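Everything below concerns the one structure shown next.
The values are calculated or read from the model by the stated rules, or taken from the named source; none is laboratory data. Predicted model only: the values in this text are computed from it and were never measured. Neighbour counts run over all protein chains shown; Cβ positions are idealised from the backbone, glycine included. Keep in mind that these areas ignore ligands, DNA and RNA; they rest on the heavy atoms of the full protein, side chains included. Shrake-Rupley method; radii C 1.70, N 1.55, O 1.52, S 1.80 Å.
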Amino acid sequence: MTLFQIPPSYSWAGLLPAGVTACMVAYEYTGLSHFALVASGLAVAAVAVFSFSVRASRVAFVLIGLALVIWAALTTTNWLAATATATQRGAMVMALFTALSVIRNAAMTSPEIVECGRFLARQRPGLRYSALTIGGHLFGLILLYGSISLLGTLATESTAHEPDRQVRLQRTRRMMIAIQRGFASTLCWSPLGFSMIITVSVVPGASWGAAALPGIISAVMVLAIGWGLDALYKQRKAALAKVAETERWSEHLRPLLVLLGVVLLGVALLHALTGVEVIGAVMSLVPVVAVLWIALQQPPEGQTRLRHLRQRAAEFVTRELPSYRGEIVLLFMAGFIGSLGAVLLVPLVQGLGLDLQAVPPWIIVAAMVWVIPLTGQLGMNPILAVSLLVPVLPSPEVMGISPTALVVAITGGWALSGATSPFTASVLLAAVLGKVSPWRAGIGWNGVYALVAGSALTLWALTLSIIL
């Protein structure tokens, strides 16, 4: 049975996002605009090809992008430069997604990683939420929303034989919530996530190095709040029957922790030693780690490691990447529309006489925690919301606050959107695995959590705006 069902005519199209990644890595290390130009061209070609076989909702984003280009051409003199910048932003997002897909591909066939996830899902009820929310965080750092797919599948597998339907539903709900919140917390700080990379790129003066520690504190806060709310939930419910607790934590978690250490330390070292931006370090290091990881995995009987590696690479480019065409189109267009839309929105806001510099900075910082999850309820991708709204704001320097405070507010709001928006991949996956509607898996399961965590994140971001 094949993993990815795609039209045969699209197999070659996977070369386009792969080429975008290679060119963007070259651009990050050399600064030569020719590489960015080629990457932009390949990215546009990929969107054009994939648009013929994606859902109408994805095509609508392409049409909106074309409409913005026409609007820019009719109303601005520098529309060509603005369009080129927007295209490069979209290419960067596409390249990052492609690079992270490589390591997700390697992880899904690693017996050690799968067994690690199964180990977390087998914990006794009193420990299961903590195990899965921490596991959701650790897996999310590497697999992004693939962590929900992997851990969620293993979680539902562990409850499938429970004869009591009510108990089975309660366990599944709590396990999916734990995984969701663990993944969402990575969006507060992870150097591999779109949230931190996009936010740092649009907030003047921001850097991942400065925002990492405050972001980690944000992640710890939301993880603790999720655990506390789960504890309150358990007190109102009848106690569930205990199962045997699995031991040997260090043995089962070691492969995942080693992988995380290699990737995170490698990204930090590349960033420090070469001066390349974090996104360049991620796009160049992660595929290399993934290739080495696949090479270390046991090949099928009768195959050499080299042949197995070649086969996996060919399948990834010709089958897996084209299978992600809907995500590729959406992510490119979110980056493109956000960048070009911001150029058009700034003079429009000025024409309306809105002076955002007159707004107290604390209101802007607090608002960013809430605006992103609210727009997520309306179907706006966080990449689009952040790329569109942040350039309209006064710079942190003008507001007299640290860029880190604004980054913490934005990534905190992004995390809340990742747990509540019924249009995000993380919530959609949780809904499918939990057999509920996306609205139920989003705001239904995490509405109170979002209010409490959002309040805490707002206070934290405001504190940073004062002390930094």
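Placing pseudo-labels 7 Å out from each Cα toward the beta carbon at S455 and L265 gives an inter-label distance of 4.1 nm. Whole-Hz Karplus values for the range 190-202 come out as 4, x, 9, x, 4, 4, 6, 5, 5, 4, 4, 6, 9 Hz, taken residue by residue from phi with 6.51 cos²θ - 1.76 cosθ + 1.60 and θ = phi - 60°; glycine and proline positions read x. With an a/c value of 1.5 or above and a/b not larger than b/c for the gyration tensor axes a ≥ b ≥ c computed over the alpha-carbon atoms, the chain is described as oblate. How would you classify the range 334-468 from its alpha-carbon gyration tensor, with a ≥ b ≥ c the square roots of the eigenvalues: rounded for a/c under 1.5, else prolate if a/b is greater than b/c, otherwise oblate? Taking the square roots of the gyration eigenvalues as a ≥ b ≥ c, the range 334-468 is oblate.
Taking square-rooted eigenvalues a ≥ b ≥ c of the alpha carbon gyration tensor, is the range 327-407 rounded, prolate or oblate, where a/c under 1.5 means rounded and, failing that, a/b exceeding b/c means prolate? Since a/c reaches 1.5 and a/b is larger than b/c, the shape of the range 327-407 is classed as prolate.
For the chain, the solvent-accessible area of protein heavy atoms averages 43 Å² per residue (probe radius 1.4 Å; ligands and nucleic acids excluded). Note on the chain: with neighbouring protein chains present and a 1.4 Å probe, carbon and sulfur make up 68 percent of its accessible heavy-atom surface.
Using the average count of surrounding beta-carbon atoms within 10 Å as a protection proxy, the listed peptides 416-424, 388-396, 64-72 rank, highest first, as 416-424, 388-396, 64-72.
With both labels modelled 7 Å from their Cα along Cα-to-Cβ, the L296 to A272 distance reads 2.2 nm.
Net charge in the neighbourhood of A313 (other residues with Cβ under 15 Å of its Cβ; Lys, Arg +1, Asp, Glu -1) is +4.
Here the translational diffusion coefficient of the range 10-147 follows from Stokes-Einstein with Rh set to the Kirkwood radius across Cα pairs; for 25 °C and 0.890 mPa s it amounts to 138 µm²/s. Taking a Cβ cut-off of under 9 Å around N105, the surrounding Lys, Arg, Asp and Glu residues balance to a net charge of 0, with basic ones at +1 and acidic ones at -1. Applying 1/(1 + (r/R0)^6) with R0 = 25 Å to the Cβ-Cβ distance of L345 and S33 gives a FRET efficiency near 0.45. With the simple model of a label 7 Å out from the Cα in the direction of the Cβ, F52 to A224 spans 5.5 nm. Estimated at 0.36 nm per residue, the fully extended path between A313 and L468 surpasses their Cα-Cα distance by 51.2 nm.
Per residue, the convex hull spanned by the alpha carbons of the range 7-69 comes to 84 Å³.
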